[in-house]
Amino acid sequence: MRFSRVLRVGAVVAATSLALAACGGGNGGGGGGDEGGNESLVSRAESGRLTVGIKIDQPGLGLQTPDGGYEGFDVDVAKYIAKELGVEEGDIEFVETPSAQRENMIEKGDVDFIVASYSITDERKQKVDFAGPYFLAHQDLLVRADDNSIQGAEDLNGKKLCSVRGSTSAQNVKEDFAKDADLQEYAGYSECLTGLENGAVDALTTDDTILAGYAAQNPGKFKLVGANLSDENYGVGLKKGDTEGRTAINNAIKKMQDSGEWKKSAEKWFGPSGYQVGEPPAIEQ
Amino acid sequence: MSAPSVLYDAPGPKAKARNVGYTIAFLVALAAVIWWVLATMAEKGQLDGEKWSPFVTDGRIWTTFILPGVQNTLIAAGLSILIALPIGALFGILRLSDHVWVRWPSATVVEFFRAVPVLILMFFANEFYFNFTDIASDQRPLYAVVTGLVLYNGSVLAEVVRAGILSLPKGQTEAAQALGLRKTQTMTNVLLPQAVTAMLPAIVSQIVVIVKDTALGGAALGFAELLSRIRPISNNYGQNMIATLVIVAVIFIVLNFIITSAASWLEKWNRQRKKGTGAVVAPGAVDDVATGQAV
Amino acid sequence: MFDFLSEYDVLGAFWVTVQLTFFSAIGSLIWGTILAGMRVSPVPLMRGFAASYINLMRNTPLTLIILACSLGLNQTLGMTLAGQNFEQQNYRLAILGFVAYTATFVCESIRSGINTVPVGQAEAARALGLGFTQVLGIVVLPQAFRSVVGPLASVLIALTKNTTIASTIGVAEASLLMSEMIENESDKIFLVFAIFALGFVILTLPTGLLLGWVAKKAAVKR
């Protein structure tokens, strides 16, 4: 199994390299794949297996643990939805969906749906459909626990800020909140936290859910400011036009909220940082 | 000039005292730098036991994160060298062809892919596979990394092969011709077998370059190789990124040191062999190979 | 077909690549020569230090070295290299990383150049009563340099391509712009690739040809 996979990589790469070398990068052919077709999420769930896109590097939302499993609020939501669709926990295949690739992976059918701190925006809605929202997050700031100099966006000018390259939070800072802040951009949040811990940066900015996970993980080291810089409605992304699937997911989210499971999970993952979990948002999509 | 000692006289009592002085001064400077680094790290809490102990106490950090990372690095590097070798050999031989219409196009291809940075090749390969193939998203980075490495290292190896064949004494070709062998026969039966042994050290040291370059795939494409494992580890073990970076660096150095040692052992073995022509393409001996080594 | 190019500063990005290469090349030439001097010096400790430094650096991925410059030197040890903001600091840290890495290759080239200088040259110099630094600086190194222009050109070309790795800490050079463009203009990936590949061919090919010519001119005829 493993060996044949390696062979397959070898064959494709060799073929491509030769083709590229032969035509010096001429026009490659072949159409884009469209597997999965227009089949609804509900009928795919009936096969008993689902592939779900999550984040695997965000404590509290979606994190790959040393046991090889995944944990966090997004993972809980994904499991609950799958259960409502009739898929056992063991039959869910979790796949990492990097922020920049989420729409593409849904369009290509790489994943059945995505629960990965995925904000509902008009731009994204042109490519994919959203169910939910299942959570209302806000852009916020994470600072060292003993640092009281930053209370909100107005204190940011002249401060050293860190965020992840290409994220909306980074763009918001540059364009709106603090044009004079010194912004460092890294590939991941972990690099920012190293700088924050060592005093090389003053604040890390992104969604408060992600920050709450880090604060909870490092008690006494970091704290949330509660600056409430924007509203981020987290939705469940799925293939465009799958109305049946969207209704099914919406029903599952509603049931999770009404049953108290939603509150229990949110408080378990975000509560330890002092984060106040509010009421669940109304489903609008 | 083989022995560097030819650059200075055997030290007399005065020079000896001066050398001791230099040694002490250098030692003090080195110790000061190391002390400053460690003191600053300790002050920032980077030397805390909790940041380093998981590597000893928690075996899962190895089984879940580091070892699969090493495995991915080795798979990508192994595949790259295996695919790049035949391609390199082919283009190396084509460049030695008697026909201009074969020599020139192959030379252009080789020179082109040697001039383009591996990172750019990887970016392109990733988008190419994304747009024109059905490769699943979790496999795509591996394909893209291997493609980038094959294109670049294939062209470097083509130069190694060419140098290897050119390093053989002319008498080999002449003798083969005198025996009535055709050009293809001369190449496959006489020149290549001898050239391969001459090239082995250079090929093995090219593996070091490939292993190092897999790290590009982690940074640029999210390929789960060893270096990219610093993030999940850091997220699970209290943000110990600096500690993880040090451990990962040590693993890379040990891994590559083993390969480098193999290369120099092969070189020695080649030189000592009685058989063959004694031609050796040492790592870095060819200008072109030095290019590869520096990447 | 080329309309979309006006939205991107391709020339600006390549200019950063050229600057990175230029300053890193000068730095590595200086540090590489010092390392080579240490490597053949009469002080065993310096020889040992240079040898282990070279072994460690050459076996570490450059990506890791650049990341360590940013995360280790800057974010942990607080080294700012007098940069006013992160943009400047990252740029300078990247150059520092390239110098630290490339100097090992410069050093090894120079050392092999030293080996091509006939023994008699150093012996004659010593017979005149010159000390180690004089033998090396006045007699041996000038001749060694002339024979290593070729290998050094290869190192310079490799360095030019290596500067793309600065994108991992966010320095806005060519490859960072390419990754942005290839994402936004997914229908023009061949064109985008062709532009950047050509850019690097233009940067490296004349350098190689020119320095190849210089190498022939400079080589000591014996």
Residue list for region B:223-235, restricted to those being free of Cβ contacts under 8 Å to residues at least 40 places away in the same chain and surrounded by fewer than 24 Cβ atoms within 10 Å (Cβ to Cβ)
B:Arg231
Considering only residues of region C:151-166 that are among the hydroxyl-bearing types (Ser, Thr, Tyr) and more than 7 Å from every other protein chain (Cβ to nearest Cβ), which is nearest to C:Asn74 (Cα to Cα)?
C:Thr163
Can you tell me which residues in region B:92-108 are open to solvent by 30 Å² or more (accessible area, probe 1.4 Å) and in a helix (DSSP H, G or I)?
B:Ile93, B:Leu94, B:Val100, B:Trp101, B:Arg103, B:Trp104, B:Pro105, B:Thr108
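Given the structure, is C:Leu136 facing chain B (nearest Cβ under 9 Å), on the phi < 0 side of the Ramachandran plot and at pLDDT 95 or above? Even if it seems obvious, please write down each step before you answer.
Details: facing chain B (nearest Cβ under 9 Å): yes; on the phi < 0 side of the Ramachandran plot: yes; at pLDDT 95 or above: no.
Here the answer is no, as C:Leu136 does not meet what is asked.
Please determine, by comparing only the residues of region C:197-216 that are free of Cβ contacts under 8 Å to residues at least 24 places away in the same chain and either open to solvent by less than 10 Å² (accessible area, probe 1.4 Å) or facing another protein chain (nearest Cβ under 8 Å) (or both), which one is farthest from C:Ala13 (Cα to Cα). Lay out the reasoning, then the answer.
So in region C:197-216, the residues free of Cβ contacts under 8 Å to residues at least 24 places away in the same chain come out as C:197-198, C:201-202, C:205-206, C:209-210, C:213, C:216.
After this cut, where a residue has to be either open to solvent by less than 10 Å² (accessible area, probe 1.4 Å) or facing another protein chain (nearest Cβ under 8 Å) (or both) as well, the list is C:197, C:201, C:205.
Working: C:Ala197: 13, C:Val201: 15, C:Leu205: 19 Å.
If we take residues in region C:197-216 being free of Cβ contacts under 8 Å to residues at least 24 places away in the same chain and either open to solvent by less than 10 Å² (accessible area, probe 1.4 Å) or facing another protein chain (nearest Cβ under 8 Å) (or both), then C:Leu205 is farthest from C:Ala13 (Cα to Cα).
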Any residue in region C:118-131 that is facing chain B (nearest Cβ under 9 Å), among the β-branched types (Val, Ile, Thr) and surrounded by 19 or more Cβ atoms within 10 Å (Cβ to Cβ)?
no
Is there a residue being out of contact with any Phe, Trp or Tyr (no Cβ under 7 Å at 6 or more places or on another chain), open to solvent by 30 Å² or more (accessible area, probe 1.4 Å) and hydroxyl-bearing (Ser, Thr, Tyr) anywhere in region A:221-238?
no
For region A:188-201, give me each residue that is at the interface with chain C (Cβ under 9 Å from one of its Cβ atoms) and surrounded by fewer than 21 Cβ atoms within 10 Å (Cβ to Cβ).
A:Gly199
For region B:54-78, which residues satisfy the criterion of being part of a loop (DSSP other than H, G, I, E, B) and touching a residue at least 40 places away in the same chain (Cβ under 8 Å)?
B:Asp58
Going by the structure shown, is B:Leu191 more than 8 Å from every other protein chain (Cβ to nearest Cβ), surrounded by 15 or more Cβ atoms within 10 Å (Cβ to Cβ) and modelled with pLDDT of 95 or more?
no
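Can you pull out every residue in region B:261-277 that is hydroxyl-bearing (Ser, Thr, Tyr), more than 10 Å from B:Pro201 (Cβ to Cβ) and either surrounded by 12 or more Cβ atoms within 10 Å (Cβ to Cβ) or at pLDDT below 85 (or both)? Break it down stepwise before answering.
Within region B:261-277, the first condition is being hydroxyl-bearing (Ser, Thr, Tyr), and the residues that meet it are B:261, B:264, B:277.
Going one step further and asking which of them are more than 10 Å from B:Pro201 (Cβ to Cβ), we end up with B:261, B:277.
Residue satisfying the conditions is B:Thr277 alone.
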Taking only region C:3-61 into account, find how many residues are of a type in the set (S, T, N, Q) and open to solvent by less than 40 Å² (accessible area, probe 1.4 Å).
8
Could you check region A:61-101 and list, in sequence order, the residues that are on the phi > 0 side of the Ramachandran plot and modelled with pLDDT under 90?
A:Gly68, A:Gly86
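Matching residues to (1) over 22 Å from B:Pro141 (Cα atoms); (2) under 28 Å from the mean Cα position of the chain (by Cα):
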{"residue": "B:Gln172", "(1), (2)": "yes, no"}
{"residue": "B:Gln177", "(1), (2)": "yes, no"}
{"residue": "B:Met199", "(1), (2)": "yes, yes"}
{"residue": "B:Leu226", "(1), (2)": "no, yes"}
{"residue": "B:Ile230", "(1), (2)": "no, yes"}
{"residue": "B:Asn236", "(1), (2)": "yes, no"}
Take A:Ile92 and tell me if it is hydrophobic (A, V, I, L, M, F, W, C) and within 25 Å of A:Glu284 (Cα to Cα).
no
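Does C:Leu67 count as assigned to a helix (DSSP H, G or I), within 21 Å of B:Ile247 (Cα to Cα) and facing another protein chain (nearest Cβ under 8 Å)?
yes
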If I ask for residues that are more than 14 Å from every other protein chain (Cβ to nearest Cβ) and either out of contact with any Leu (no Cβ under 9 Å at 6 or more places or on another chain) or aromatic (Phe, Trp, Tyr) (or both), which ones from region A:208-236 would you list?
A:Asn228, A:Ser230, A:Tyr234, A:Gly235, A:Val236
For region C:87-117, give me the residue count where each residue is facing chain B (nearest Cβ under 9 Å) and among the charged types (D, E, K, R).
2
Mind checking which residues of region B:195-216 are open to solvent by less than 10 Å² (accessible area, probe 1.4 Å) and among the β-branched types (Val, Ile, Thr)?
B:Val209, B:Ile210, B:Val211, B:Thr214
Filtered residues of region B:104-124 (kept if out of contact with any helix residue (DSSP H, G or I) (no Cβ under 7 Å at 6 or more places or on another chain) and either under 30 Å from A:Thr51 (Cα atoms) or touching a residue at least 24 places away in the same chain (Cβ under 8 Å) (or both))
B:Glu111
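Kindly check whether there is at least one residue in region A:234-243 that is more than 28 Å from A:Ser43 (Cα to Cα), small (Gly, Ala, Ser) and part of a loop (DSSP other than H, G, I, E, B).
No, region A:234-243 has no match at all.
The values are calculated or read from the model by the stated rules, or taken from the named source; none is laboratory data. Here the structure is a predicted model, which means the values were calculated and not measured. Counting neighbours? That spans all protein chains shown, and the Cβs are built from the backbone with ideal geometry, glycine included. Quick note on the areas: whole protein, heavy atoms, side chains included, nothing else; ligands and nucleic acids left out. Shrake-Rupley method; radii C 1.70, N 1.55, O 1.52, S 1.80 Å.
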